[in-house]
Amino acid sequence: MEHNPDERRLRVLFLPSWYPSGEHPLEGIFIREHARAVALYADVTVIYPLESRPPGHRPARVTVVLDGGLRTILIRYRAGWLNRLTGSRFRWYWLMLKWALRLFSRGYRPDVIHAHVFKAALPAVILARHRHIPVMVTEHYSGYARGTLTRSDKAIARYALNRADLLAPVSAALWQSMRQWGIYNSHRVIPNAYDGTVHYPGAGARKGDARYKRILFAGNLTPVKGIPTLLQALASLERIDFRLQLVGAGSLQDEYERLAVTLGLEDVVSFQGAMTKEALAEEMRACDFLVLPSQFETFGVVLIEALACGKPVIATDSGGPAEFINSDVGLRVPPGNVEALAQAMGDMLDHHQNYQIEALAQYVRKRYTHEVVGGKINSVYWEMMKSYTGSDRSRLHVTSHHLLNSKRLGRGPS
């Protein structure tokens, strides 16, 4: 892994479109994993406006959370009536720009601005051009492949992404779908990361009857995850020596629970709701294998997390997973194909024990830990810095003030 020879820690400003909070602990959790990975090598500041203030609480409330080399500035606000009427994110953009400029005015100058997802790329590009700072954008959004970008989304994506210094889609499949929307900028595929202190092999606590093999699904209960295909595939199996545990939440849970009953699966399928990362890791260690039957995945973080826990996986040829799930670590099937998924489930029920736990963990440990991915991103930051002109680079060795202290910003739990 290449690093800058003078070993100076860069100052990186993260601007995410999604990010975990007390209200939404799982939203954008994969972006926080990137932030934590980078924070091993650089000083990271995250600015994230969150619409969560109740009616009657017009002023934004700011919380600062410190976590080693990671500082998160969470701005809770209530959108005005015009934003609610039009669906606009105007105040979200305004607050992100306002707080970034406030930090700049008090002596903080990032070496790199790193946005996540095209909507956050817009304020990132504005700030970067205003202050002559390189900007990198990591893209996670599956809407490019699913064709769900609105007209305004398309305009924002084209404008912002094509003006960044570098794009970093999390998979080559995502990049190909982005190009179809008129995105043509320089790019470098950089994958998602997992936390090796949470996801690792070990003895998980087995639950229920030991005679049954345990299958785990983890993800949002939304159409893109392919849950109806999964339930139909299970119903077609002529065996009942398994139990499926679905971990996740979403508006379609009631519908999926009714489908399970209709298919006669009420005794073998359970819906567990959302779990913390730590609790889910325990379930991964306790299961026999994980299945993710998505219609499309830009990457599929739960797959590498399950592998890190020493469990084989079943995934679909649905974008990102096709780039790292092979016969050594699991099985792949076409998305939406009930028959193919049923066959793969039957094969895995019979042969999951043939996969070597440590080999699975080592496979992802070499590629996707915080240390590996964070080091790769940090090296890319330095490459971006060196591509700037000499006059721009000269500022890198000038000591500037870090963020104003937490007393001036406010501090509290997220």
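Which shape class, rounded, prolate or oblate, goes with region 76-165 when its Cα gyration tensor gives a ≥ b ≥ c as root eigenvalues, a/c under 1.5 marks rounded, and past that a/b bigger than b/c marks prolate?
It is oblate, given that a/c is not under 1.5 and a/b is not larger than b/c.
Probe 1.4 Å, all protein chains in place: accessible area of K277 in Å², nearest 10?
20 Å²
Which order do you get for L40, L234 if you rank them by accessible area with a 1.4 Å probe, largest at the top?
The ranking, largest first, comes out as L40, L234.
How much solvent-accessible surface does M275 expose, in Å² to the nearest 10, with a 1.4 Å probe and all protein chains in place?
Spelled out: M275, probe radius 1.4 Å, area about 40 Å².
Name the residues whose placed amide hydrogens come within less than 5 Å of the amide hydrogen of L50, ignoring near sequence neighbours (fewer than 5 apart) on the same chain.
Excluding prolines and chain starts, which carry no amide H, the hits are I75, R76, Y77.
How about K277: which lysines have a C-alpha closer than 28 Å to its C-alpha, ignoring those fewer than 8 places off in the same chain?
Of all the lysines, those that pass the test against K277 - Cα under 28 Å, at least 8 places apart if same chain - are K119, K207, K213, K225, K311, K366, K376.
If you build a Gaussian network model of the chain, linking Cα atoms that sit under 10 Å apart, which residue out of D350, D111, D43 swings the most?
D350
What is the percent carbon and sulfur in the accessible area of the chain, measuring with a 1.4 Å probe over the protein chains and ignoring ligands?
With neighbouring chains kept in place, the figure for the chain is 52 percent.
Which of the three applies to the chain, rounded, prolate or oblate, going by the alpha-carbon gyration tensor with a ≥ b ≥ c and a/c under 1.5 meaning rounded?
prolate
What is the dipole size for region 144-192, taken about its Cα centre, with +1 at each Lys and Arg Cβ and -1 at each Asp and Glu Cβ, in debye to the nearest 20?
140 debye
Note down the relative contact order for the chain as a percent, whole number, built from C-alpha pairs under 8 angstrom at least six residues apart.
Computed value for the chain: 19 percent relative contact order.
State in Å² the accessible area per residue of region 95-239; use a 1.4 Å probe, count heavy atoms of protein chains only, and round to the nearest integer.
40 Å²
So with the 1.4 Å probe, I'd like the accessible area per residue for region 265-315, rounded to whole Å².
It amounts to 25 Å² per residue over region 265-315.
Tell me which of Q272, L230, V301 sits at the most positive position along the dipole axis of region 200-329, charges placed on C-beta atoms (Lys, Arg +1; Asp, Glu -1).
In region 200-329, that residue is Q272.
The values are calculated or read from the model by the stated rules, or taken from the named source; none is laboratory data. Treat the numbers as computed from the prediction; the structure is a model and nothing was measured. For neighbour counting, all protein chains shown are included, and Cβ atoms are generated from backbone atoms with ideal geometry for every residue, glycine included. To get the accessible areas, we keep the full protein, side chains included, count just its heavy atoms, and leave off ligands, DNA and RNA. Shrake-Rupley method; radii C 1.70, N 1.55, O 1.52, S 1.80 Å.
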